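Comments concern the structure below.
The values are calculated or read from the model by the stated rules, or taken from the named source; none is laboratory data. Since the structure is predicted, the reported quantities are computational estimates derived from the model, not experimental observations. Positions of Cβ are backbone-derived with ideal geometry, glycine not excepted, and every protein chain shown enters the neighbour counts.
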Amino acid sequence: MVLKFKDKRDLHMLSTKHTDNMVMVPRRENKSKPEVVLDYNRCKSFIDLSDQMASYGSPLRKSLKWYRKVFELLLNTSVVNALCLFQKTTATRIKITDFRSNLIKYLTFKPNMNQELSNKHVLTTAKRNRCVQCYLNIAQEKGRKYSQSHCKKVTTKCFICNKQLCVPCFFVLHKT
């Protein structure tokens, strides 16, 4: 339904929910207004409250490109909606800044892998260096000088042994 209503000024509305029902509004003189306008006025305060909550700690900056601003506005709106859902489901009151920081901590949390890997030989990433086993094998066959220039460099190392190893050498050394 498309509506043009004249109150103090022209008001244009578009709705898929409402019909063209007119409702009597008790004021000094009884006026009839469209149901769409009354619903809008009743819900407008919630939108203002939502905008106010989203503005607290807002990361919007003047120098951002328009598409980044749109993304951040959508992200802020989703945080406000998540806060409303959280407060309704848990019946606890929390500030939006505290909720944001808790949300960030939850989303960036990484479980402590050191405890899980403490007794297992597992390949992890490391700074690029020579594979220790390949270096020893080439050094025994062709000498240390040749091995320094021809040994393959890898970015993997064994978590327990703390040795740089390529994948084939890792499986040769840690047969189970």
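Is it true that some residue in region 154-174 is of a type outside the set (G, A, S), exposed (fewer than 11 other Cβ atoms within 10 Å of the Cβ) and in a loop (DSSP other than H, G, I, E, B)? Yes.
Once region 16-56 is narrowed to residues that are part of a strand (DSSP E or B) and either of a type in the set (K, R) or touching a His at 6+ places or on another chain (Cβ under 6 Å) (or both), the residue that is modelled with the highest pLDDT is K33. Identify all residues within region 1-15 that are in a loop (DSSP other than H, G, I, E, B) and in contact with a helix residue (DSSP H, G or I) (Cβ under 7 Å, 6 or more places away or on another chain); write none if there are none. Once the filter is applied, which keeps residues that are in a loop (DSSP other than H, G, I, E, B) and in contact with a helix residue (DSSP H, G or I) (Cβ under 7 Å, 6 or more places away or on another chain), region 1-15 yields only S15. Of all residues in region 117-127, those that are in a loop (DSSP other than H, G, I, E, B) and among the β-branched types (V, I, T) total 1. In region 16-45, of all residues being within 14 Å of V2 (Cβ to Cβ) and either among the β-branched types (V, I, T) or touching a strand residue (DSSP E or B) at 6+ places or on another chain (Cβ under 6 Å) (or both), the one that is surrounded by the fewest Cβ atoms within 10 Å (Cβ to Cβ) corresponds to T16. Looking at region 128-144, can you tell me whether even one residue there is surrounded by 16 or more Cβ atoms within 10 Å (Cβ to Cβ), outside any helix (DSSP H, G or I) and among the hydrophobic types (A, V, I, L, M, F, W, C)? Yes, some residue in region 128-144 is surrounded by 16 or more Cβ atoms within 10 Å (Cβ to Cβ), outside any helix (DSSP H, G or I) and among the hydrophobic types (A, V, I, L, M, F, W, C).
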